[in-house]
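To keep things clear, I will list the structure first and then write my remarks on it.
The values are calculated or read from the model by the stated rules, or taken from the named source; none is laboratory data. Model, not experiment: these values are computed from the prediction. Positions of Cβ are backbone-derived with ideal geometry, glycine not excepted, and every protein chain shown enters the neighbour counts.
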Amino acid sequence: MNTTRLLDPDHRSKAPLAFIVCLVVLLSAVLLASLTQKSFGKVSVTNVTYTNFNGILIRAKLLKPSNASESHPVPGIVYIHGYQNNRETSDAYCIELARRGMLTLEIDAIGRGNSGIPGQLDDPGFDPTYGGKASLKYLKSLPFVDTDRIGLMGHSIGAGIAYSIALKDASIRALVISGFAYQDDASATMPKNMLMIFGKYDEFRKRMTATDDFEKQWMQSPQTRKAFSVKNPKLGRTYGDFKTGSGRRVYMPKITHLHQSHSAAAVAEALEWMRRALEPAPNHWIPANRQIWPIKEWFTMVAMVACLASLLPLGLMLLRTSFFRMLQGPVSGKHASTGRSYIIAAIVNGALMWLYLTLILFLFCVNLYLFLIYKVFQLMMTNGIVLWFLWINMIGFLFFRAWFKKQNHKNGLTLYDLGLSFRKERFTLDGVKIGKTVALATILFLFAYLIEHTLEGIFIVDFRFIFPFASDLTPYRARLWFTYFPFLLMGFVLMGIFLHGQLRRPQKSTWLKTFISWSTFNILVLITPLILFLMVQYAPLFAVGIIPFVGPGSMFIAFTHNILHVIGVLIMVIPISTWFYQITGKIYLGAALNSALVTWMFVSSQVIAPIPI
């Protein structure tokens, strides 16, 4: 593997060009995402903040159509996202509503995004609407909003909040709930003009609707008999009178719970419903099937990938400087994992990864019966992932030790050969090199964070795709970074030992071929067990409507959703550690940088709120 030319300071490097290309792609993607949410100039997008009744700050994104003014007020809609999300998860609906002449306020519910922290359920000032009521009050105070044409929307728990508010507030003229079901306290006229969107394969079907087969049972349920003014209503049909507030409809797309936030068909249903209920200006109406929100969703992902990719040439450029040159080094030894030994190690790793739900259940039992973990580690959804990640790598390290002793005795393999030690004779860490490794990882991490922070401040666009991945940090969440970083650092060091040491694949004829080969195998060995786990969960759901892993209060369903997020994170960061292992010959730079990046992803995107189980 020829990395000598990559690192030779006398050889002209293409790293600056690759770095510039990454930055151009990053900036172009952010600009296009920003223009899309502004409907290419037809909508203004601004950050707004206001205070909840209990003094907690709420941040929201206001999408104001160009035709909105004090002399021409427009319909206004508040959108409340689900439990494990932030305001941008509402973009699909809000971008399309705003470009059709309806002002939208998409909030970071308290405990999410850049809003404040909610406290505990038994706190005197706890707000069960997580800022929903205050957001509605703020919306009504805007002089360019027609208070006679107010709507509420929400997904999952956010839909439950929207429903509870609309049920008691006759000023709300329209309600759209997705991933949540109206209850037996609904009537034929309250909440007014209610559309329910619920997926055929929604994993929370039993919890939300108490049905075994939503398609066959829901329209004959006691809740529906109370909410609809007609006998034997059908799915996909509209009933009632929008003028009196008795408009009713249940739409069932053949999708899952998460998909309802990013379904073009569901968005179209909501658009048509709000058009009929809130009557926006006809000259601003666009056919509901003409949607542009996917452009923003895809290009925020492109921006995120470009930002992370830029760390590879930037890191190489810094390693070519005199200060960091001592960190350069080829991959040592001739060890390569192939055939039966590779397959066995991969299977053992896969079996450990399947301890996911077991370890999460253990965590919640400890939290419930022994020690209130959330008092110290407040990201309870993240706690489960970090515990799993750390423990499977610690257990995996025991398997590695047994394997290494055998290989050391049989083949003379050393920790130096695997990129763990700085000396061949015995395990040694070089203090100066470790210090410079930390410095370089810090520089690279701060570059990624500061460029995202700056661009988000200018364009109001963060890094996301379906899930929130990384965004700017509030001071409170920045402090959480230091709480979680040590655990993720330990996990990534142990994972590096396994991936880049024990499972290191044969080198190819060029550095590029080696990088592609190693990255591909490293990604596959980690995500394949997770994909198989998802197949076990979802194949029965799609085939016969059965969900194997539900858990107390449907907890396992929520954590199974998080596996999709984890897969996305792994796909993005594994090439980073592979690259820096390839050009330094050691696991430490990649482990330090990845742990910093992933900690940022978790503390910026994950919820701080009681888990609804």
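Remarks
- Residue ID - farthest from the chain's Cα centre (by Cα), chosen from residues in region 411-437 that are in a helix (DSSP H, G or I) and exposed (fewer than 13 other Cβ atoms within 10 Å of the Cβ): ASN411
- Selection status of THR338, over 30 Å from ILE395 (Cβ atoms), hydroxyl-bearing (Ser, Thr, Tyr) and in contact (Cβ under 8 Å) with a residue 40 or more places away in the chain: no
- The C-beta contact set for region 235-249 (first residue closer than 18 Å to PHE214 by Cα, second residue part of a loop (DSSP other than H, G, I, E, B) and among the charged types (D, E, K, R), distance under 9 angstrom, 6+ apart or interchain) comprises ARG249/ARG237.
- Within region 501-548, the set of residues being polar (S, T, N, Q) and under 30 Å from ASP213 (Cα atoms) comprises just one member, GLN537.
- Here the condition is being surrounded by 14 or more Cβ atoms within 10 Å (Cβ to Cβ), outside the structural domain of TRP518 (by TED's automatic domain parsing), within 16 Å of LEU311 (Cβ to Cβ) and at pLDDT 95 or above; of ALA18, ALA33, it holds for ALA18 alone.
- Residue within region 260-275 that is buried (at least 22 other Cβ atoms within 10 Å of the Cβ), touching a His at 6+ places or on another chain (Cβ under 7 Å) and under 30 Å from GLY41 (Cα atoms) present: yes
- Considering region 82-107, the residues that are assigned to a loop (DSSP other than H, G, I, E, B) and within 14 Å of the chain's Cα centre (by Cα) include one that is surrounded by the fewest Cβ atoms within 10 Å (Cβ to Cβ), namely TYR83.
Residue-wise test of (1) under 33 Å from the mean Cα position of the chain (by Cα); (2) closer than 30 Å to ASN562 by Cα; (3) of a type in the set (A, V, I, L, M).
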residue	(1), (2), (3)
PHE198	yes, yes, no
THR209	yes, yes, no
ASP213	yes, yes, no
PHE242	no, no, no
ARG248	yes, no, no
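- For THR211, the conditions (1) outside any loop (DSSP other than H, G, I, E, B); (2) modelled with pLDDT under 95 all hold with the exception of (1).
- Residue match in region 319-327 (condition: at pLDDT 95 or above, closer than 18 Å to ILE576 by Cβ and assigned to a loop (DSSP other than H, G, I, E, B)): yes
- Qualifying residue in region 520-541 (condition: touching a His at 6+ places or on another chain (Cβ under 9 Å), under 22 Å from GLY350 (Cβ atoms) and assigned to a helix (DSSP H, G or I)): yes
- Subset of region 150-186 [surrounded by fewer than 22 Cβ atoms within 10 Å (Cβ to Cβ) and more than 22 Å from PHE214 (Cβ to Cβ)]: ILE165, LYS168, ASP169, ALA170, SER171
- Odd one out for VAL607 among (1) in a helix (DSSP H, G or I); (2) within 17 Å of the chain's Cα centre (by Cα): (1)
Results for (1) hydroxyl-bearing (Ser, Thr, Tyr); (2) modelled with pLDDT of 95 or more; (3) within 18 Å of HIS500 (Cα to Cα); (4) outside the structural domain of HIS500 (by TED's automatic domain parsing), shown as yes or no for each residue.
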position: LEU311; (1), (2), (3), (4): no, yes, no, no
position: GLY333; (1), (2), (3), (4): no, no, yes, no
position: LEU368; (1), (2), (3), (4): no, no, no, no
position: GLN378; (1), (2), (3), (4): no, no, no, no
position: GLY384; (1), (2), (3), (4): no, no, no, no
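- Options TRP579, TRP600: the member that is part of a helix (DSSP H, G or I), within 14 Å of the chain's Cα centre (by Cα) and in contact (Cβ under 8 Å) with a residue 24 or more places away in the chain: TRP600
- Subset of region 127-149 (residues that are of a type in the set (A, V, I, L, M) and either buried (at least 24 other Cβ atoms within 10 Å of the Cβ) or assigned to a helix (DSSP H, G or I) (or both)): ALA134, LEU136, LEU139
- Only listed residue being farther than 30 Å from ASP8 by Cα, outside any loop (DSSP other than H, G, I, E, B) and modelled with pLDDT of 95 or more, chosen from PHE492, PHE485: PHE485
- Out of ARG205, ARG225, sole residue that is of a type in the set (Lys, Arg) and either at positive phi or in contact with a Gly (Cβ under 9 Å, 6 or more places away or on another chain) (or both): ARG205
- Residue count for region 199-217 satisfying the condition of being among the aromatic types (Phe, Trp, Tyr) and in contact (Cβ under 8 Å) with a residue 60 or more places away in the chain: 2.
- Criterion (part of a helix (DSSP H, G or I), farther than 19 Å from ALA174 by Cβ and out of contact with any Gly (no Cβ under 6 Å at 6 or more places or on another chain)) met by exactly one of ASN283, ASN232: ASN283
- Residues in region 111-126 include at least one that is assigned to a loop (DSSP other than H, G, I, E, B), touching a residue at least 12 places away in the same chain (Cβ under 8 Å), in contact with a Leu (Cβ under 8 Å, 6 or more places away or on another chain) and surrounded by 24 or more Cβ atoms within 10 Å (Cβ to Cβ).
- Pairs where the first residue, in region 64-81, is of a type in the set (Gly, Ala, Ser) and the second is part of a loop (DSSP other than H, G, I, E, B) and surrounded by fewer than 17 Cβ atoms within 10 Å (Cβ to Cβ), C-beta under 8 Å, 6+ apart: SER66/LYS42; ALA68/PHE144; SER69/PHE144
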